[in-house]
Amino acid sequence: MLKVIYEHINEYLIIPIIVALTLLLIKPFLNRIFRRKDPKSQLGTWIVLYSFMIFFLSYYQNDSWLFYSFISLGSWGINLNLLIVSILILTLAYHISKFFTKLFLPAIYNRYHLDVGIQFTFNRLLHYPANPGE
């Protein structure tokens with residue numbers, strides 16, 4: 001019994017555990033680098049999370065449990081792969097939009113001396129198409 005558990009861990013879990021621990025060790029260094037520019041930045045944490053999600057999807061891409069439909073809506077089957085990719089895309093679009101509005105737009109606003117109301121309008125116009133749920 002223990003031999004079977006050991007073989008299962010060696011075959012399926014050892015590499016993801018090593019990758020997760022490595023990413024967790026890298027996270028403080030990434031956060032320190034990005035917090036030099038913005039003290040409240042969580043970019044290092046998000047890079048680690050997205051890296052692990054992409055690794056997870058690519059490592060288990062041939063396993064049937066990742067594509068097993070646990071909810072069916074007509075001809076659509078919802079599986080774990082679909083949920084992970086959907087979350088990845090939505091959160092990535094949100095963070096790219098926030099990054100763009102914080103880093104690039106203030107320089108444009110200062111250059112053209114735009115009013116605060118116009119700045120808010122441009123921020124919303126650029127943020128909402130990337131994030132339709134907000």
| task | Go through [x] 86; [y] 108; [z] 149 and flag the label whose value is the computed volume of the Cα convex hull per residue in Å³ for this structure. | result | [z]
| Charges only on Cβ, +1 for Lys and Arg, -1 for Asp and Glu: so what's the dipole of the range 1-59 about the Cα centre, in debye to the nearest 20? | 500
| said: At 7 Å along Cα-to-Cβ for each site, give me the label-to-label distance between Phe52 and Leu82 in nm. | reply: 2.6
| Over the C-alpha atoms of the range 1-59, what are the Rg and the largest Cα-to-Cα span, Dmax, in Å? | 15.4, 53
| task | Take each uninterrupted DSSP H stretch in the chain, measure its Cα extent along the helix axis, and return the ones at 15 Å or beyond whose mean Kyte-Doolittle hydropathy is at least 1.6. | result | 14-35, 43-59
| query | Okay, helix-only estimate at 222 nm for the chain: each DSSP H run of n ≥ 4 adds -39500 (n - 2.57), divide by all residues, round to 500 deg cm²/dmol; what do you get? | reply | -22000 deg cm²/dmol
| remark: Relative contact order as a percentage, the range 17-134, C-alpha pairs under 8 Å and 6+ apart, gives 15
| field | Lys/Arg +1, Asp/Glu -1 at C-beta; the chain dipole; positive extreme among Leu66, Leu2, Ile108 | value | Ile108
| Quick one: how many lysine pairs in the chain have C-alpha atoms under 21 angstrom apart, if they're 8 or more apart or on different chains? | 7
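Laboratory data are not the source of any read-out in this text; all were calculated from the coordinates shown. What you are looking at is a predicted structure, and each value in this text was computed from that prediction instead of being measured. No Cβ is skipped: glycine too gets one built from the backbone with ideal geometry, and neighbour counts run over all protein chains shown.
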